[in-house]
Amino acid sequence: MTAVPARPTVPAVIRPFQLIGRTVLGAFREVGRISTFAAGVLVACVTPVIYIREFFRQCLKIGFYSLPVVGLTAVFIGAALALNIYVGGSRFNAEQFVPNIVVLGITRELGPVLAGLMLAGRVSAGIAAEIGAMRVTEQIDALLTLSAKPSRYLYAPRVLAATLTLPLLVLVADTIGVMGGYLVGVTSLDFNGSLYLKNTWQFVTGNDIWSGVIKAAVFGAIIAIMGCYQGDRSKGGAGGVGRAATLAVVGAAVLILASNYILTSIFTRIGL
Amino acid sequence: MSGTHITSAPMLELRGVHKRFSDKDVLRGVDLTVAPGQSLVVIGGSGTGKSVTIKCALGLMTPEKGEVFFDGLPANTSKAIAALRRRTGMLFQGGALFDSLTVWENVSFALMYRDGIGRGEAKKRAIETLAKVHLGASAADLRPAELSGGMQKRVALARAIIAKPDLIFFDEPTTGLDPITADAVNNLIVEQVRALGAAAITITHDMASVRKIADEVAMLHEGRIIWRGPVSKLDASGSPHIDQFVHGRAQGPIQPAI
């Protein structure tokens, strides 16, 4: 039997520093692991072989089946936004700007961020749970023995599908969100319907829509990568799978909000 | 499986394999060989590292020390491990069938995704292989969740043999099955391994499986192979560890895993 070396005793005064050091190193290690994992998956996304059947299946699961939740979120957010802007605008006689600010807020910010957060809950957790279950039931080992790389067969189709379908979902969310504001504007705030739509259409620019779409693509990649990463690392049965799903949602949500700020800063700087 | 022709050059060889998890040394220098056409069964108590041994052999785990040779060549690069996996089949303890695929897609997975065979031809060959494990074509379009435990094991066996491997690993093939189904699975393993002329490494606790499947038996204890011999010598091994295991006694040199 190989003897396990005894750990040296650490003086009590050093222990808090030891804890801080361990936590910081652990955080760096985790960032390194996620980055390496993401790099491997992104390479698999852009090099052959791409499993087309699996990709379309994921597009259906991630994109199409998320339409109801994204649509409902968008309509209520658009409606609430219109009411809030009306209340705020009325303080300095700017109620007429409701359509303009609703469309700006939805396309540039709320559409992509809220669709991203909803998908972080629905898709990232689902991917983490599915892959986590595959990990603990040895299905991922089985894939390897059958000469299929999980990064190509499992992860790349999910990341590609989320990256390509979230922008489409955001375009739908933008439209529905604006219509939510329109409904409230016309039914509760005495706006003229055609004037509301005309103001909206004249105010919104291609840059507003593009900035939301680009954000959505980045959020889609984050959502799928976090789901795959946490699922791949899960261990220990049902508890481990549950923990992977939780970590995937939390990680994806935090990264979405952080990357949203970074992207907004970049877009502001380059005039997008 | 006595009567199988065995040549001397090993199909698989493990030399001094060590594997450690955290502070626990699971494998402490495992030496193991299996010749072409030979059926080796590895027995040992729970948690002795039997599954870890075959995962190291398949490159699913990387040993800290030691080497794995397949067909005389070291399996220490990703290319060599890929070559090893192309010529091996594996039946996992729980079947490890892919939930999202149908039975025939599971069985012909390697044909479609590794060998590039079209879906029509792959389905045809999957149904032929399912017949070899006594499953009808009606099972082909079912999902794994719709099958009984015994049927799942048979599908997993079909998946392991469809590409006609030279070496097949069986990880506790009869665990969780009733004795009659377990015997049927053992018969299928013997029948198919013999038909392919493949070497086989089986790990199991089930002594009925050992007696039916094995040409030779090796015992893993405290991370090392402590006994190896023909199955005919199992009852007269002279090893107290083997005697305790074969007779299923709590008293003896092996401590129960509770």
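The values are calculated or read from the model by the stated rules, or taken from the named source; none is laboratory data. Keep in mind that this is a model prediction, so the values were computed, not measured. Every residue, glycine as well, gets a Cβ built from its backbone with ideal geometry; the counts of neighbours run over all protein chains shown. What goes into the accessible areas is simple: the full protein's heavy atoms, side chains included, and nothing from ligands, DNA or RNA. Shrake-Rupley method; radii C 1.70, N 1.55, O 1.52, S 1.80 Å.
Values as computed for the structure displayed
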{"item": "Qualifying residue in the range A:88-103 (condition: charged (D, E, K, R) and part of a helix (DSSP H, G or I))", "result": "yes"}
{"item": "So B:A218, is it away from chain A (no Cβ under 14 Å), crowded, with 18+ Cβ neighbours inside 10 Å and in contact with a Gly (Cβ under 9 Å, 6 or more places away or on another chain)", "result": "yes"}
{"item": "From the options B:R211, B:R194, residue that is in contact (Cβ under 8 Å) with a residue 60 or more places away in the chain, in a helix (DSSP H, G or I) and open to solvent by 70 Å² or more (accessible area, probe 1.4 Å)", "result": "B:R194"}
{"item": "Enumeration of residues in the range B:63-93 that are more than 9 Å from chain A (Cβ to nearest Cβ) and under 15 Å from the mean Cα position of the chain (by Cα)", "result": "B:L84, B:R87, B:L91"}
{"item": "All positions within the range A:115-135 that are out of contact with any Leu (no Cβ under 8 Å at 6 or more places or on another chain), crowded, with 24+ Cβ neighbours inside 10 Å and either within 13 Å of another protein chain (Cβ to nearest Cβ) or farther than 17 Å from A:F55 by Cβ (or both)", "result": "A:A120, A:S124, A:A125, A:I127, A:G132"}
{"item": "Tally, over the range B:16-38, of residues that are over 20 Å from B:T88 (Cβ atoms) and touching a Gly at 6+ places or on another chain (Cβ under 7 Å)", "result": "6"}
{"item": "B:K50 away from chain A (no Cβ under 14 Å) and either acidic (D, E) or touching a residue at least 40 places away in the same chain (Cβ under 8 Å) (or both)", "result": "yes"}
{"item": "Matching entry among B:G66, B:G94, B:G37, B:G45 (being in a loop (DSSP other than H, G, I, E, B), at positive phi and not assigned by TED's automatic domain parsing to the domain that holds B:E128)", "result": "B:G37"}
{"item": "Selection count, the range A:136-149, where residues are more than 9 Å from every other protein chain (Cβ to nearest Cβ) and surrounded by 22 or more Cβ atoms within 10 Å (Cβ to Cβ)", "result": "0"}
{"item": "Every pair of residues 6+ apart whose Cβ atoms lie under 6 Å, when the first sits in the range A:260-272 and is on the phi > 0 side of the Ramachandran plot and β-branched (V, I, T) while the second is surrounded by 10 or more Cβ atoms within 10 Å (Cβ to Cβ) and modelled with pLDDT of 95 or more", "result": "none"}
{"item": "Test: residue in the range B:137-155 that is under 15 Å from the mean Cα position of the chain (by Cα) and open to solvent by less than 60 Å² (accessible area, probe 1.4 Å)", "result": "yes"}
{"item": "Residue tally, condition in contact with a helix residue (DSSP H, G or I) (Cβ under 7 Å, 6 or more places away or on another chain) and either hydroxyl-bearing (S, T, Y) or not in a helix (DSSP H, G or I) (or both), over the range B:238-256", "result": "3"}
{"item": "Residue list for the range A:76-89, filter: open to solvent by 50 Å² or more (accessible area, probe 1.4 Å) and farther than 10 Å from A:G177 by Cβ", "result": "A:L83, A:N84, A:Y86, A:V87"}
{"item": "Residue that is away from chain A (no Cβ under 14 Å), at negative phi and assigned to a loop (DSSP other than H, G, I, E, B), where the choices are B:L60, B:L142", "result": "B:L142"}
{"item": "Residues satisfying the stated conditions in the range B:36-84, i.e. surrounded by fewer than 22 Cβ atoms within 10 Å (Cβ to Cβ) and of a type in the set (S, T, N, Q)", "result": "B:S46, B:S51, B:T62, B:N76, B:T77, B:S78"}
{"item": "Meets criteria (farther than 21 Å from A:Q230 by Cβ and surrounded by 15 or more Cβ atoms within 10 Å (Cβ to Cβ)) for A:T73", "result": "yes"}
{"item": "Every pair of residues 6+ apart whose Cβ atoms lie under 7 Å, when the first sits in the range A:145-170 and is touching a residue at least 40 places away in the same chain (Cβ under 8 Å) while the second is of a type in the set (F, W, Y) and surrounded by fewer than 24 Cβ atoms within 10 Å (Cβ to Cβ)", "result": "A:R152/A:Y51; A:Y153/A:Y51; A:Y153/B:Y113; A:P157/A:Y51; A:P157/A:F55; A:L160/A:F55; A:A161/A:F55"}
{"item": "Yes/no for A:T163 being under 21 Å from the mean Cα position of the chain (by Cα) and open to solvent by 10 Å² or more (accessible area, probe 1.4 Å)", "result": "yes"}
{"item": "The range B:94-104, subset crowded, with 22+ Cβ neighbours inside 10 Å and more than 9 Å from every other protein chain (Cβ to nearest Cβ), residue nearest to A:E130 (Cα to Cα)", "result": "B:V103"}
{"item": "The range A:3-36, subset within 30 Å of A:G231 (Cβ to Cβ) and among the basic types (K, R), residue modelled with the lowest pLDDT", "result": "A:R22"}
{"item": "Residues of the range B:166-190 that turn out to be of a type outside the set (S, T, N, Q), in contact with a helix residue (DSSP H, G or I) (Cβ under 7 Å, 6 or more places away or on another chain) and not in a helix (DSSP H, G or I), as a count", "result": "7"}
{"item": "Boolean, A:L19 is more than 25 Å from A:L183 (Cα to Cα), among the aliphatic types (A, V, I, L, M) and surrounded by 13 or more Cβ atoms within 10 Å (Cβ to Cβ)", "result": "no"}
{"item": "Residue within the range A:150-157 that is at positive phi and within 14 Å of another protein chain (Cβ to nearest Cβ) present", "result": "no"}
{"item": "Pick from the range B:106-129, criterion without any contact (Cβ under 8 Å) to a residue 24 or more places away in the chain and facing chain A (nearest Cβ under 10 Å), ranking: least open to solvent (accessible area, probe 1.4 Å)", "result": "B:M112"}
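Residues checked against (1) modelled with pLDDT under 95; (2) among the hydroxyl-bearing types (S, T, Y):
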site	(1), (2)
A:F219	no, no
A:G227	no, no
A:G231	no, no
A:S234	yes, yes
A:G240	yes, no
A:A244	no, no
A:G251	no, no
A:F267	no, no
A:L272	yes, no
